[in-house]
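Step one of this worksheet: look at the structure below.
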Amino acid sequence: MKRLLLVSHRPIDQAGGPSARWRSFARHLPEHGWEVDVVSAGGGDEFASPGRARARARVMESAGRLAAPVFRLAGLRPEALPLSMLWVPRGAREVRQRLRDGRYDAVLATGPPFAALVAASRSTGDTPHVVELRDLWAGNPAFDRGGPILRRAESKVVRRAAAVVAVTPEAADDLRRRHPGARIEEIPNGFEPALIAMRRATSGTTILHSGTLTKDRPLAPFLRVLRPPLRLVLHGYVAPEIQKEIQQSGAQVELVPPSGWEDAVRRIADADVALVTQARGAGDETAVAAKVYEYLALGKPVLCLSNGGATEAFLGRLGADQLCARLDDRRSIEAAVERIRCSDLAPPITSESLAPYERPRLAARLAEVLDSL
């Protein structure tokens, strides 16, 4: 059995969706000859304590607003250097200690949070290591305002890596363009096959958004056309700016605090339509919203509000783009909402079409990459 040291600032045993990918991979990689050990920052499970998650998000929002002018001068957004970066020295020490004390065949660092990438890059020595960018770092408008700092940091991390894993074809193409000569692999986010069995028919009027709604992902264009009997449920953290949009709209919206992954998928299964809202300013041009895989696996039509980008393209490849609408085109949003109101919805995507995105299959693909090192 070969051994992989996973470096992840976020513990993979947290209950929330951001850790779901590696909770799954850690279960399935041993089937392909790789056991997984983890170096993480530890800490409490924010998804098991919604109040703590909301408090942390509010603190980060406030700190970001105060620091924004300084970061703008450096060509960054405050989100580029979150407090998690303070873990880098300790993380690098822990990785070096693990490599001294045990035999590992490879190291894989996953981000965001990107602190794991920097910690691993400083400490792996001769052990082959892989960088996994679940979101792009440099060049991503969510973090980068065009300054040189992130570009140099990412170049150093990529240069030291034996391979780089991206999760969408758009992100992989972007990395190949910016890092010619680097080995770039694409392994999507995917979903758990057990979700297919959770599909159930619904006939109500509930539209659900599951996950975080940041200020960069506007909701106002949709709220302007939302009318009863349709109702919107937002499950997860909602930024103050989005809450203000809701208050000003007068639309019927239910806010549900963040919770664990199992509760999230149950709520998706109970909903009638799933919502994803995307924007270039949030880095979504090259990112497929992770929840979209679960939406489709659970048989939900996806109302995708965007200005184009990777999520809309992904839905198009699967023939699931009937409810895609443009944020700057009120008529397209009204047309999508009318289809929902009239129950003019396409049937669920077949399990056969979704099979390439099952996480056990993706774990096998990752094992092939690791074996090649």
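The values are calculated or read from the model by the stated rules, or taken from the named source; none is laboratory data. These numbers were taken from a predicted model, which means no experiment stands behind them. Neighbour counts run over all protein chains shown; Cβ positions are idealised from the backbone, glycine included. The area values use the complete protein model at the heavy-atom level, side chains included, leaving out ligands, DNA and RNA. Shrake-Rupley method; radii C 1.70, N 1.55, O 1.52, S 1.80 Å.
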> Within region 305-317, can you find the residues that are of a type outside the set (V, I, T), open to solvent by less than 10 Å² (accessible area, probe 1.4 Å) and more than 19 Å from D344 (Cβ to Cβ)?
Replying inline: S306, A310, F314
> Within region 80-91, is there a residue that is buried (at least 18 other Cβ atoms within 10 Å of the Cβ), at pLDDT 95 or above and touching a strand residue (DSSP E or B) at 6+ places or on another chain (Cβ under 7 Å)?
Replying inline: yes
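Starting from residues that are open to solvent by 70 Å² or more (accessible area, probe 1.4 Å) and touching a residue at least 60 places away in the same chain (Cβ under 8 Å), keep the ones in region 323-347 and report whichever is nearest to L108 (Cα to Cα).
Going through region 323-347, the residues open to solvent by 70 Å² or more (accessible area, probe 1.4 Å) turn out to be 326, 328, 330-331, 334, 338-339, 341-344, 347.
When the remaining residues are screened for being touching a residue at least 60 places away in the same chain (Cβ under 8 Å), the result is 328, 330, 334, 341, 343.
Numbers: D328: 40, R330: 44, E334: 45, R341: 46, S343: 45 Å.
Taking the candidates together, the pick is D328.
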> So I184 clears everything in (1) closer than 28 Å to P348 by Cβ; (2) open to solvent by less than 20 Å² (accessible area, probe 1.4 Å); (3) modelled with pLDDT of 95 or more except one condition, right? Which one?
Replying inline: (1)
>> If A320 meets every condition in (1) open to solvent by 20 Å² or more (accessible area, probe 1.4 Å); (2) farther than 28 Å from W137 by Cβ; (3) part of a loop (DSSP other than H, G, I, E, B) apart from one, which number is that one?
In response: (1)
> Which one is most open to solvent (accessible area, probe 1.4 Å) among residues in region 124-151 that are outside any loop (DSSP other than H, G, I, E, B) and aliphatic (A, V, I, L, M)?
Replying inline: I149
> Does T202 fit the bill of being buried (at least 16 other Cβ atoms within 10 Å of the Cβ), touching a residue at least 60 places away in the same chain (Cβ under 8 Å), touching a helix residue (DSSP H, G or I) at 6+ places or on another chain (Cβ under 9 Å) and farther than 30 Å from R122 by Cα?
Replying inline: no
